[in-house]
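Note sheet for the following structure.
The values are calculated or read from the model by the stated rules, or taken from the named source; none is laboratory data. The shown structure was predicted, so the numbers you read here are calculated from the model rather than taken from an experiment. Every residue, glycine among them, receives a Cβ derived from its backbone with ideal geometry; neighbour counts consider all protein chains shown.
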Amino acid sequence: MLVSLVSIASLMLSTLLMMVGYGLMNYLVPVRSVAEGWTPFLISMTATGYTVGFTLSCLLTPKLVLRVGHIRVFGALLTLLTVSILASSLIVEWQAWIAFRAVAGFAVAGCYLVIESWLNERVTNDTRGSVFSIYMIVTLAGAIGGQYLVPLGDPNTTTLFIICGMVFAISILPTALSTAQSPAPIAQVQLGLGRLYSRSPVAFVGAILAGILSGTWASLGGVYTTGSGFSTAEGATLLAAVLAGGALGQIPIGRISDRTDRRYVMVACGAIGVVAALAMSLMSAATPYLLYGTAFIVGSMLYPIYALNVAHANDRADPSEYVMISSSLMVLYGLGTVAGPLIGGGAMEVFGPRGLTLYLAAGFLIYAGYAAWRIKRGNPTVSPEERADFHAIALPMRGTDPAGSIAVDYEEDAAASLDPPSEHRPAAE
């Protein structure tokens, strides 16, 4: 275990610094957007630029890694991230910010892919769980720490934007100066959306809904806190509560799902999410601690549902399909993050800040309802002995299966996606 940690120490330091900048950026940008007087829908347009870039990066970054290697791509992506936030401080127009946020989304997703591919090569099956738990703690601590930098400056000036850019730039150094061996190129895999749906329709639909929910909150959570009358420190605490809930909630939810039909856990998560989101819509900044606790519950349902989708899909797939399943789910998740902020921004236009929590409640309801409908169809279950292990995901605003690579090949084998399932797996959930 110690050997594994030493080999990734520089990568973890770069990740921590990058996530500090990420946390600062993701709170600073919406706060500045509100200060500029932009409507929630215009802010959601800039957020959609981010998610479009994020999704495109999932498809293109593996190609870049194959050409020039992990370290060069990682450095280039962090440079793009630095440029995007500095440019946002120079040109404060929502039309320009769509492009700047798209560059940021592309860079962030690419960095995630490089980091997790790197980690997968450096760990063994015996140390994988521990190393990825440390990785999740590092990402969570960095993101929360970055949010608490916002109260230290004025979002209406360029100071915080410059600090954010400096943090991103510094995060390149530990990896660039490391003497650790560069990982092998990412292996190419096929994207099989048809095969994924044949294996697990509930995971297919659930991945889209997970992207809609988490993408909307990540993009508009800062708008919600500002519009609800929170100070920047209170807003940072609320956003931190959601992230903390998302990280801590994965362990008990994962363990429960490993022992029962995961679809029942999906229904329960969706139902609890509905109640918690509706409760948030009835609260205000006058009861901050009660709201923090409720936000923690929302987060504990919001982020683990993607990992549930991955685990459930893997339950019904052959081991050779795990990487294809992970890649396909992430693309669907990315598509959800593109659509989510636009609809969520419209809801906030109509209902004000609480429109965001009402929107989340509706998303949770659809997630629970679809899983319940699949159960009602009476499809066969997978025994505990045949299930794949549940893996927690790193936060925030994304999800991948740490058990496999994330590379995607454009040439989908359409015929293969129609192959009958393996004899030891049910055809669908």
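For the condition of a type outside the set (D, E) and over 19 Å from I366 (Cβ atoms), what is the one hit in Y264, Y292? Don't jump to the end; show me each part of the working.
Working: Y264 fails: over 19 Å from I366 (Cβ atoms).
Residue meeting the stated conditions: Y292.
Is it the case that the range 85-107 has a residue that's charged (D, E, K, R) and in a helix (DSSP H, G or I)?
Quick first cut of the range 85-107, residues charged (D, E, K, R) only: 93, 101.
Checking which are in a helix (DSSP H, G or I) leaves us with 101.
Taking every residue of the range 85-107 in turn, at least one turns out to be charged (D, E, K, R) and in a helix (DSSP H, G or I).
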Task: Pick from the range 35-84, criterion of a type in the set (S, T, Y), surrounded by fewer than 23 Cβ atoms within 10 Å (Cβ to Cβ) and at pLDDT 95 or above, ranking: farthest from L177 (Cα to Cα) - done: T82
Task: Pairs with Cβ under 7 Å, 6+ apart, first in the range 249-260 and in contact (Cβ under 8 Å) with a residue 24 or more places away in the chain, second surrounded by 15 or more Cβ atoms within 10 Å (Cβ to Cβ) and of a type in the set (K, R) - done: D258/R387
Open item on the list: Test of understanding: among R72, R32, which residue is of a type outside the set (D, E), over 16 Å from V103 (Cβ atoms), free of Cβ contacts under 8 Å to residues at least 40 places away in the same chain and touching a helix residue (DSSP H, G or I) at 6+ places or on another chain (Cβ under 9 Å)?
Closed with: R72
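Does at least one position in the range 111-125 carry a residue that is of a type in the set (V, I, T) and in a loop (DSSP other than H, G, I, E, B)?
Yes, the range 111-125 contains a residue that is of a type in the set (V, I, T) and in a loop (DSSP other than H, G, I, E, B).
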- [ ] Please go through the range 222-248 and pick out each residue that is surrounded by fewer than 24 Cβ atoms within 10 Å (Cβ to Cβ) and not aliphatic (A, V, I, L, M).
- [x] T226, G227, S228, G229, F230, S231, T232, E234, T237
- [ ] Kindly establish whether S257 is surrounded by 22 or more Cβ atoms within 10 Å (Cβ to Cβ), under 19 Å from the mean Cα position of the chain (by Cα) and not hydrophobic (A, V, I, L, M, F, W, C).
- [x] no
Task: Those residues of the range 333-346 which are surrounded by 24 or more Cβ atoms within 10 Å (Cβ to Cβ) and over 14 Å from G49 (Cα atoms), in sequence order - done: Y333, G344
TODO: For the range 74-95, enumerate the residues that are among the aromatic types (F, W, Y) and within 12 Å of T46 (Cβ to Cβ).
DONE: W94
TODO: Only residues in the range 277-290 that are free of Cβ contacts under 8 Å to residues at least 24 places away in the same chain count as the first member; pair them with residues that are of a type in the set (D, E, K, R) and part of a loop (DSSP other than H, G, I, E, B), Cβ under 9 angstrom, at least 6 apart or cross-chain, and list the lot.
DONE: none
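State yes or no: is A210 closer than 24 Å to L59 by Cβ and modelled with pLDDT of 90 or more? Lay out the reasoning, then the answer.
On the way: closer than 24 Å to L59 by Cβ: yes; modelled with pLDDT of 90 or more: yes.
In short, yes.
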